[in-house]
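Participant: The structure under discussion is supplied below as structure tokens; questions concerning it will follow.
The values are calculated or read from the model by the stated rules, or taken from the named source; none is laboratory data. Bear in mind the structure is a predicted one, so any value in this text is a computation, not a measurement. Heads up, the Cβs are rebuilt from the backbone with ideal geometry, glycines too, and the neighbour counts pull from every protein chain shown.
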Amino acid sequence: MDYPPAYRREFVAFDAPDGRSDFDAWLLRTVLNPQSPLFREARYLLAEETEIRDPALYHSVLAAIADGNRTNGAIASFVGRKSADITHPLNVLEGAALIAKEADVFRRGRWLYQVTEPLITFYEVVMRPEWYRLESGQAEATWHDQQADFLSRVVGPHFESLCRSFALQAGPGLFGVPAGEVGSGIVNDPANRTQIEIDVAVLAPPEPGRPRRLLSLGEAKWGQVMTPLNTARLARARDLLAGSFDITGCALACYSAAGFSADLRSAAGPGLILVSPSDLYGNSQ
């Protein structure tokens, strides 16, 4: 189901960007404008929760998730607390529907958290670190300085979410069979002492008595031209998962808003799927 954008009317007096060229000016006259009701709305959303006794801690937890720390341990490390210390804040934020958790598709029992309200993500990434500059009327300079973080930490994760929705709806036309589950996950690579984050993991419907079949492993990049280095990382993850999943016919998928290198385009075929914004929006029409 498609939902209308939040805060479309009441907080901005029906003011919406007049195309991409008006986006920066729209932010300056609404979200980043201290005279606009939307300016403090993210702070009010947290203040309205009666169970919150330590707003600074809760903002730190939200900032950790907005920064890309999605596991309990990573969030705790970012905040500077023990994992047990942030269990209650996570539960309160989830109960308030300000964050949500989903299972890591590769490791049951490991949860991945995300902020559900884009305005809060925007506040934690762009506004909160520069709050005093914004309050003093330096919105234009602040926005100029924060655009890189906005693209990587706000737009980037949102693009990943769009790609997962696309994969779920794509059907057998893209993967050969209907997708039974689409999510994200982290693949441990002990030999290289690292982890490989998979933005779009597509699994076939479960079959009793058989290992779960992986239909596709994908990486999504908003502002980066993708190259064979991206597919090499995905291929490594696929090999590591061979002992736990059926990887027969598992396709590698690159989702990019910035495009693909020539050598990656030449390698596209049944085992390598390239998805651009025109594919994403064409699928939803």
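Participant: Could we say that Val187 is β-branched (Val, Ile, Thr) and at pLDDT below 95 here?
Facilitator: no
Participant: Is it the case that some residue within segment 85-100 is among the charged types (D, E, K, R), within 22 Å of the chain's Cα centre (by Cα), assigned to a helix (DSSP H, G or I) and at pLDDT 90 or above?
Facilitator: Applying the first criterion (among the charged types (D, E, K, R)) to segment 85-100 yields 85, 94.
When the remaining residues are screened for being within 22 Å of the chain's Cα centre (by Cα), the result is 94.
Of the ones still in play, those that are also assigned to a helix (DSSP H, G or I) are 94.
Now narrow it down to the ones that are at pLDDT 90 or above: 94.
Yes, that holds for at least one residue.
Participant: If you don't mind, there's one more thing I want to ask. Considering each of Thr142, Thr116 in turn, give the residue that is closer than 30 Å to Asp24 by Cα, out of contact with any Pro (no Cβ under 7 Å at 6 or more places or on another chain) and not assigned by TED's automatic domain parsing to the domain that holds Leu45.
Facilitator: Working: Thr116 fails: not assigned by TED's automatic domain parsing to the domain that holds Leu45.
Within the list Thr142, Thr116, the selection yields Thr142.
Participant: Let me ask you something else. If the requirement is being in contact (Cβ under 8 Å) with a residue 24 or more places away in the chain and assigned to a loop (DSSP other than H, G, I, E, B), which of these qualifies: Arg107, Arg128? Steps first, answer last, please.
Facilitator: On the way: Arg128 fails: assigned to a loop (DSSP other than H, G, I, E, B).
The match here is Arg107.
Participant: Mind checking which pairs have a first residue in segment 142-165 that is over 21 Å from Asp279 (Cβ atoms) and a second that is aromatic (Phe, Trp, Tyr), Cβ under 7 Å, 6 or more apart or different chains?
Facilitator: Pairs found: Val154/Phe122.
Participant: Sticking with this one: Of the conditions (1) modelled with pLDDT of 90 or more; (2) surrounded by fewer than 16 Cβ atoms within 10 Å (Cβ to Cβ), Arg53 clears all except one; give me its number.
Facilitator: Every listed condition holds for Arg53 apart from (1).
Participant: Could you name every one of the helices (runs of 4 or more DSSP H) located completely within segment 23-78 that has at least 1 residues being within 22 Å of Leu90 (Cβ to Cβ) and among the β-branched types (Val, Ile, Thr)? Even if it seems obvious, please write down each step before you answer.
Facilitator: Numbers: elements: 23-29, 41-47, 55-66.
Where helices (runs of 4 or more DSSP H) fall fully within segment 23-78 and carry at least 1 residues being within 22 Å of Leu90 (Cβ to Cβ) and among the β-branched types (Val, Ile, Thr), they are 55-66.
Participant: I'm told Phe260 meets every condition in (1) free of Cβ contacts under 8 Å to residues at least 60 places away in the same chain; (2) surrounded by fewer than 20 Cβ atoms within 10 Å (Cβ to Cβ); (3) farther than 18 Å from Ser165 by Cβ except one. Can you identify the failing condition by its number?
Facilitator: It is condition (2) that Phe260 fails.
Participant: Return the residue satisfying two criteria in turn: it lies in segment 117-168 and is within 21 Å of Ala56 (Cβ to Cβ) and of a type in the set (A, V, I, L, M), and of such residues it is surrounded by the fewest Cβ atoms within 10 Å (Cβ to Cβ).
Facilitator: Ranking the qualifying residues of segment 117-168, first place goes to Leu119.
Participant: What is the residue count in segment 134-180 for residues that are in contact with a helix residue (DSSP H, G or I) (Cβ under 7 Å, 6 or more places away or on another chain), over 17 Å from Tyr255 (Cβ atoms) and not in a helix (DSSP H, G or I)?
Facilitator: 1
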